[in-house]
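S.K.: Got a structure for you, written out below as C-alpha cells; questions coming shortly.
The values are calculated or read from the model by the stated rules, or taken from the named source; none is laboratory data. All figures in this text were calculated on a predicted structure; none of them were measured in a lab. Cβ coordinates were reconstructed from backbone atoms using ideal geometry, including for glycine residues, and neighbour counts include every protein chain displayed.
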Amino acid sequence: MKAIRVHKFGLEHPMRLDEVEDPQPQEGEILVRSHAIGAHPVDVVIRAALHPFHKNFTPPYIPGPEAAGEVIAIGPGASGFRMGQRVCGRCVGGSYAEKVRMSTSWAMGLPDSYTYAEGAGIVVQFITAWNALVIQAEAGPGETVLVHGGAGGVGMATVQLAKIMGCRVLATAGSKDKCALCQRLGADQAINYREEDFAERSLELTGGRGVDVIVDPAADVNLAKDVDAIRTGGRIVVLGTAKALDEKASFAVQRTLLKDARILCMSMPNLIPRLPDLMRRLYPLVAKNHFQVPICREMALAEANAAHELLWSGGHHGKLILKP
Ligand SMILES: NC(=O)c1ccc[n+]([C@@H]2O[C@H](COP(=O)([O-])OP(=O)(O)OC[C@H]3O[C@@H](n4cnc5c(N)ncnc54)[C@H](OP(=O)(O)O)[C@@H]3O)[C@@H](O)[C@H]2O)c1
C-alpha cells in the first residue's frame, strides 16, 4: 500500500509517499481501508521533534492518529465489528496510509449520516472534549464554559458537547470568520481574542462573576488571564500549548488561591484504561446528535507536506482531511 512516512525529524525534511507492506491486524484490532484521514497539528509538532511524544517515534514512521473507512479484516480476538462496516477511530501505527489498524477499543461504527471526512474528525476530538468537560471539569447544566479556540478541532467538539450538556458556551477564536463558525456550532457568544481581552469580556458576560469552566488548548498564552476570567471555585482545564511546544506559563498565585480555583491538566494516553467505557458512552451521542465536523479542506494523501505547512501556519479551522 501507499503511505506517507517521516524519514527524518525536522520540518526541513519533507515526508515521502512510500510503497510499504500492508499492515496486519493484531490481537483485538481491525484493519480498515481508509477513505479519510484526520491530519492533526500535533502530527506536525511531533515531526518537528518539538513535542515530548516525538520520543515514541522512530523514523521512518507513518504519522497521524485518526481515520475513517471500511473494515477489510478482523484480527484475532476482535469483536463488535463486521467486514465492510463503516468505522472511524484512532489508529495504531499511523493513519497517513491507504490501510490502517485500529484497536477495537478506539473504534466506533460510523453512523450513515456522517461522511467519511466527518468521521475522521470525531473520535479524538470528542473523547478529548469529554475528558475535559465531563471527567476533569465535571461541568454541569447551567454552568458557563469558556472554550478557547472554539473553531479548532478539539474546540468545535467542546463547544457542541458543552451545549448538549446544558451549559452556556462562550468561545474564543482568532478571526471574525472563526467567531462566526463558533456561533454556528452553538456558542452563545464568541470573542475574537485578537481584538478583545477575553478575560474582561468573560467577566462582562457573566455580570462580573466569572466563568465556571475554561477549556484551554493554548494555556502558555492564556493561563495568566484565565485565572482572572474564572469564578471562585471554577475549573481551568489545560489541553495544550499554542504551538504544542513544552512552553511555560505563569499566573498570579495569590489571586488564584483566593478563588479556590482548580487548574486541571490532562493527557490522552492516561485515558486508555477507560476507553472502552468512554467509547460506549460517546457512540449514542454521535449517532443521535449529528455533530457538525467543519471540514476546512480535503487534500490528497500525496499532498501531506503542504497539509503540514497549512497546519503549522495556523491558517486552518475545524478538520483538515487527507484523502488516500
Ligand atoms: N491533552 C490532551 O489530551 C489533548 C488531546 C488532543 C489535543 N490536545 C491539544 O489540544 C490543542 C488543540 O488541538 P487541535 O487538534 O484542536 O488543534 P487546532 O485545530 O490547531 O486548534 C488549536 C486552537 O488553539 C487556538 N488558539 C491558538 N492560540 C490561541 C490563543 N492565544 N487564544 C485562544 N485560542 C488560541 C486556535 O484558535 P484560532 O485558530 O481561532 O486562532 C485553534 O482553535 C493542541 O495543543 C493539542 O496538542 C490535547
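S.K.: Name every residue in the stretch 173-224 that is in contact with a Lys or Arg (Cβ under 7 Å, 6 or more places away or on another chain), among the small types (Gly, Ala, Ser) and within 13 Å of the ligand (Cβ to nearest atom), in order of residue number.
M.R.: Once the filter is applied, which keeps residues that are in contact with a Lys or Arg (Cβ under 7 Å, 6 or more places away or on another chain), among the small types (Gly, Ala, Ser) and within 13 Å of the ligand (Cβ to nearest atom), the stretch 173-224 yields Gly174, Ala199.
S.K.: In the list Gly77, Gly64, Gly89, Gly69, which residue meets the criterion of being part of a loop (DSSP other than H, G, I, E, B), assigned by TED's automatic domain parsing to the domain that holds Met299, in contact with a Gly (Cβ under 9 Å, 6 or more places away or on another chain) and surrounded by 22 or more Cβ atoms within 10 Å (Cβ to Cβ)?
M.R.: Among Gly77, Gly64, Gly89, Gly69, only Gly64 is part of a loop (DSSP other than H, G, I, E, B), assigned by TED's automatic domain parsing to the domain that holds Met299, in contact with a Gly (Cβ under 9 Å, 6 or more places away or on another chain) and surrounded by 22 or more Cβ atoms within 10 Å (Cβ to Cβ).
S.K.: Another question about this same structure. Is there a residue being more than 30 Å from Gly69 (Cα to Cα) and part of a helix (DSSP H, G or I) anywhere in the stretch 229-247?
M.R.: Yes: one or more hits.
S.K.: Starting from residues that are buried (at least 16 other Cβ atoms within 10 Å of the Cβ) and touching a Pro at 6+ places or on another chain (Cβ under 9 Å), keep the ones in the stretch 288-304 and report whichever is farthest from Pro111 (Cα to Cα).
M.R.: In this case the residue turns out to be Ala304.
S.K.: Continuing with the same structure: Got a number for residues in the stretch 288-314 being in contact with a helix residue (DSSP H, G or I) (Cβ under 9 Å, 6 or more places away or on another chain), over 17 Å from Ser34 (Cβ atoms), within 13 Å of the ligand (Cβ to nearest atom) and not in a strand (DSSP E or B)?
M.R.: Residues meeting the conditions: 5.
S.K.: Quick one: Val32 ticks every box in (1) buried (at least 21 other Cβ atoms within 10 Å of the Cβ); (2) under 20 Å from the mean Cα position of the chain (by Cα); (3) of a type in the set (A, V, I, L, M, F, W, C) except a single one, so which number is it?
M.R.: (2)
S.K.: Here is a further query. Mind checking which residues of the stretch 95-139 are aromatic (Phe, Trp, Tyr) and within 14 Å of the ligand (Cβ to nearest atom)?
M.R.: Result: Trp106, Phe126, Trp130.
S.K.: Being within 14 Å of the ligand (Cβ to nearest atom) and in contact with a Phe, Trp or Tyr (Cβ under 9 Å, 6 or more places away or on another chain) narrows it down to one of Leu322, Leu275, so name that one.
M.R.: Leu275
S.K.: Consider Leu161 carefully, then state whether it is assigned by TED's automatic domain parsing to the domain that holds Ala219, closer than 15 Å to Val211 by Cβ and in a helix (DSSP H, G or I).
M.R.: No.
S.K.: Six or more apart or on different chains, Cβ atoms under 6 Å: show the pairs whose first residue is in the stretch 183-208 and β-branched (Val, Ile, Thr) and whose second is in a helix (DSSP H, G or I).
M.R.: Cβ pairs passing all conditions: Ile191/Phe198; Ile191/Arg201.
S.K.: Kindly list, by first and then second residue, each pair from a residue in the stretch 71-82 that is under 16 Å from Lys99 (Cα atoms) and at pLDDT 95 or above to a residue that is of a type in the set (A, V, I, L, M, F, W, C) and in a loop (DSSP other than H, G, I, E, B), limited to pairs with Cβ atoms under 9 Å and residues at least 6 apart or on different chains.
M.R.: Matching pairs, first to second residue: Val71/Phe81; Val71/Met83; Ile72/Met83; Ala73/Met83; Ile74/Phe81; Ile74/Met83.
S.K.: I'd like to know if the stretch 143-162 contains one or more residues that are farther than 22 Å from Met266 by Cβ and out of contact with any His (no Cβ under 6 Å at 6 or more places or on another chain).
M.R.: Within the stretch 143-162, not a single residue is farther than 22 Å from Met266 by Cβ and out of contact with any His (no Cβ under 6 Å at 6 or more places or on another chain).
S.K.: Follow-up. With without any contact (Cβ under 8 Å) to a residue 40 or more places away in the chain and within 14 Å of the ligand (Cβ to nearest atom) as the only criterion, which of Val227, Val159, Val154 stands out?
M.R.: Among Val227, Val159, Val154, only Val159 is without any contact (Cβ under 8 Å) to a residue 40 or more places away in the chain and within 14 Å of the ligand (Cβ to nearest atom).
S.K.: On to the next question. Taking Gly208, is it part of a loop (DSSP other than H, G, I, E, B), within 24 Å of Pro284 (Cβ to Cβ) and not assigned by TED's automatic domain parsing to the domain that holds Pro41?
M.R.: No.
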